[in-house]
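A.B. asks: There's a structure below that I have some questions on.
What follows is calculated from the coordinates using simple rules that are stated; it is not laboratory data. All of these numbers come straight from a predicted model, not from anything done at the bench. Glycine also receives a Cβ, built like all others from the backbone with ideal geometry; neighbour counts cover every protein chain displayed.
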Amino acid sequence: MYVASASTTVKFHDFPSGNVVHNYQPGSKVEGPIRSISWSRDGTWLVLVPHSGVTEIVSTKDQLKLLKTIQDIEEPTCACFQNTTKKNIALGTKSGLVLIYDVKSRSTKKRFPRASSQITHVDFTARDTHCVAGCKNGEVLVYGNITNSPPSILRVPKSGSVNCLKTSLAKRQLVLGGSNEGVVVVWDINVSRSKFFMEAHKAPVNAVAFSPVNTDLIVSTGSDRQFCFFDIVDNKCIASVAVENSMTAVDFSPDGTYFVMASQNGRVFIYDSRNIQEPVHSFQAHKSAVKHLAFQNVQETANSSTCSISTDSNTPATPSETNGNRQSKGGRASDFFGHFVPNVDSVDEDKRSVVSMEGGDSFMAALGLDKSNTTDSMRQEDSAFKVRERLPSIADLPSPSLPKPARRDTGDFKENHFASTPKMLMLNPNSLMSPVVNHGASMLTAVNSLSANEVRGIVKEELKGILNELKADIKYQATHTTYQLRALLLDMHMAQVKEFINLENFYRGAREDLGHEGYDNGSLAEENEQLRRRIQFLEEQLKNATHGGGTSDT
């Protein structure tokens, strides 16, 4: 598994040793730090936006090579792969455009309404239903990737900027951000308001990240030389650690056991999430500040290998000794985080247990119905068959006498609500099989040991859980649609009332203008009466003159 670090170049480090496997320089010359990097969903491609020039897509599958350059988008500033496919990429530009680019057809698939300022960050929610874009003026725009509804606008409380942005892959409605004013905020995009915010740092927030294990746990790093962990449900800071240099980037390993941070002097630090006071390893990555860190998305296959952090001791500690040390030391991070990373329980000497480390259900994998045969929707984080993969703990490292690539260690896992198939299988203690390697033979043995009624019961429970989840999702979507229609009707009614008031004001003004010019009903009647009297007077004079003229002639 690689960790990509970006400064003026992109380096691919082997985790956890930190050895540089590949070093890639975009363009023909170094003009400044790279603006953004993003892994594809299978971890074979990386899209990067250089300081100037076109967006590039590189492949790390067999060897490092440049696959494509996106020539059609002018002045890109950020790019991000979708979470469900590597076919589409979101791109932001200096002119405020946010576009969806189709890698296969080499064309722009969709254009969102233009923002009022430069786009600095783009990211997709868990199921790619929304595209989130951060702007230079501090606005965060949430575009509907499925519907063409107008974007909603979010802002960091008590701030006029947004310095970093991250979406949650566990809860698709949550977006995490940080500002230059030191504020950390979590928005709920379903209601377009903040769920959590705190003035956490006394300097700009440089990077933020969600824990992939505990959806309520977030981490932030700032230029005030400290990083903090927060519980967004209890609305409090649960840990704050001072460091020698300001951290500029942070990312969690896919299983949440480790997290990496990069400093302004180009050094990368690896922390065990169960003891965050001191890093377990560090290495020099770049000569200048590291702007971005990103763990490679691990392909969920039966042959996927894990990594382990080496210790100074030649003999690894036993699980019982590790538990004793944990109980004696009260300052470990597990005491603060609770279920963030569960402690390793003691194991019986006569029996060892194996945990299914795959992304899918052990029973379904044994039948050949693993993730490779399921639809895209079942591959997401809300799948009833998904169990998160984790790295081995330091206490359970393999013995030096055994080949490390073929050995993986027992560790606890965060079990999903609907995962009811057996994850703990008993093995022969004399077997040379590693206790956490998910071999097909052991899986089939476990399935064969179940009766037909037990298998039917397990599948029935799984399907029942999926059905309940679908019902809840449909109910939520119906409620949300009804709320939107009601809000639209209220807006239309308000517009009609405002238009009626404007017409009334216009007619009132017109009547007042007519009254000021003297054209009221009373004045017109009086003028008509005067004219009638004048006509009568003239008729009488004419009549008298006619009679007087006739008498004189006679």
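A.B. asks: Amide H neighbours of C164 under 5 Å, counting only residues 5+ apart in sequence or on other chains, H built in-plane at 1.01 Å?
C.D. replies: G178
A.B. asks: What's the local net charge at G182, with K and R +1, D and E -1, over the other residues with C-beta under 11 Å away?
C.D. replies: -1
A.B. asks: Just subtract the alpha-carbon distance of D102 and K65 from 0.36 nm times their residue separation and send over the number in nm, one decimal.
C.D. replies: Answer, rounded to one decimal: 11.3 nm.
A.B. asks: Can you tell me the FRET efficiency between K236 and E512 if r is taken as the Cβ-Cβ distance and R0 is 56 Å, rounded to the nearest 0.05?
C.D. replies: 0.35
A.B. asks: Relative to the compact globular guide of 2.2 N^0.38 Å, what is the alpha carbon radius of gyration of the stretch 1-144, as a ratio?
C.D. replies: Here the answer is 1.01, to two decimals.
A.B. asks: Also, I was wondering about something else. Rg and Dmax of the stretch 2-295, using alpha carbons, in Å: what are they?
C.D. replies: Expressed in Å, the Cα Rg and Dmax of the stretch 2-295 come to 17.7, 50.
A.B. asks: Give, in nm to one decimal, the length gained when the segment between R456 and I153 is fully stretched (0.36 nm per residue of separation minus the Cα-Cα distance).
C.D. replies: Taking R456 through I153 to full extension adds about 104.2 nm, to one decimal.
A.B. asks: Give the long-range amide H neighbours of C80: residues separated by 5 or more places, or on another chain, with amide H under 5 Å away, using H modelled in the peptide plane at 1.01 Å from N.
C.D. replies: Residues meeting the criterion, in which the H sits 1.01 Å from N, are A90.
A.B. asks: For each pair in K109/K291; K29/K65; K65/K104; K104/K136; K94/K202; K109/K471, compute the distance between the two Cα atoms and list the pairs where it is over 27 Å.
C.D. replies: Correct reply: K109/K291; K104/K136; K94/K202; K109/K471.
A.B. asks: Separate question: Pull up all non-local amide H partners of Q264: gap of 5 or more, or a different chain, and H-to-H distance under 5 Å with H placed in the peptide plane.
C.D. replies: S246, T248
A.B. asks: While we're on this one: Expressed in nm to one decimal, what extension gain is obtained for the pair K109 and E199 from 0.36 nm per residue of sequence separation less their Cα-Cα distance?
C.D. replies: 28.5 nm
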